[in-house]
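Read through the structure below, which is laid out as structure tokens, and then see the notes.
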Amino acid sequence: MSFLPVVIRWLARLSGLLIAGIYIFFAVGEFTTPNSGPSPTFLEGIGIVLLTATCAGMLVAWRWELTGAAISLMSLIGFALLIRMNHHGIVAVLAVPGVLYVLDWLLRRQRILNPLAGN
């Protein structure tokens, strides 16, 4: 039995939990501190909603890998298209858990469809 799917699954879970935790930390700090800056514009508000959906997808993927990964990656793609950023490395880091969840789902699906392949 290969340990690679287990390692990929836990890397996806831990990286998603870390990213979602950091996002929640910043979001709570931003919304609980009055007068911390100007109100977000409509476009920035949509970006916040998309980033929230990205992090929610990472957490949904703990139970449903493909569904959560799709939510996370689609929301992130929408964010990247909507909010023009100069540094796409941030978007790439946010995509890591979703990509790992898709890889985990593919490896587990391959093992289910062809149970003798890993032995």
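The values are calculated or read from the model by the stated rules, or taken from the named source; none is laboratory data. Keep in mind that this is a model prediction, so the values were computed, not measured. Every residue, glycine among them, receives a Cβ derived from its backbone with ideal geometry; neighbour counts consider all protein chains shown.
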Item checked: Residue count for segment 21-45, restricted to those that are assigned to a helix (DSSP H, G or I), β-branched (Val, Ile, Thr) and either more than 30 Å from Leu11 (Cβ to Cβ) or under 11 Å from the mean Cα position of the chain (by Cα) (or both) -> 1
Item checked: Hits in segment 45-81 (condition: crowded, with 19+ Cβ neighbours inside 10 Å and among the β-branched types (Val, Ile, Thr)) -> Thr54, Val60, Ile71
Notebook entry, point to check: Considering segment 1-26 alone, what residues qualify as being of a type outside the set (Gly, Ala, Ser) and closer than 16 Å to Gly68 by Cα?
Noted result: Ile8, Arg9, Trp10, Leu11, Arg13, Leu14, Leu17, Leu18, Ile19
Notebook entry, point to check: Is it true that Gly68 is at pLDDT 95 or above and either under 20 Å from Phe3 (Cβ atoms) or of a type outside the set (S, T, N, Q) (or both)?
Noted result: yes
Next item on the list: Output the qualifying pairs, or none if there are none: Cβ atoms under 7 angstrom, residues six or more apart or on different chains, first residue in segment 82-105 and buried (at least 20 other Cβ atoms within 10 Å of the Cβ), second residue assigned to a loop (DSSP other than H, G, I, E, B).
Entry: Tyr101/Ala61
Note to self: Condition check: closer than 16 Å to Trp10 by Cα and assigned to a loop (DSSP other than H, G, I, E, B). Does Arg63 satisfy that?
What the structure shows: yes
Notebook entry, point to check: Which condition number does Leu11 fail, the rest of (1) outside any loop (DSSP other than H, G, I, E, B); (2) surrounded by fewer than 16 Cβ atoms within 10 Å (Cβ to Cβ) being met?
Noted result: (2)
Margin query: Could you check segment 14-36 and list, in sequence order, the residues that are surrounded by 12 or more Cβ atoms within 10 Å (Cβ to Cβ) and at pLDDT below 85?
Written below: Glu30
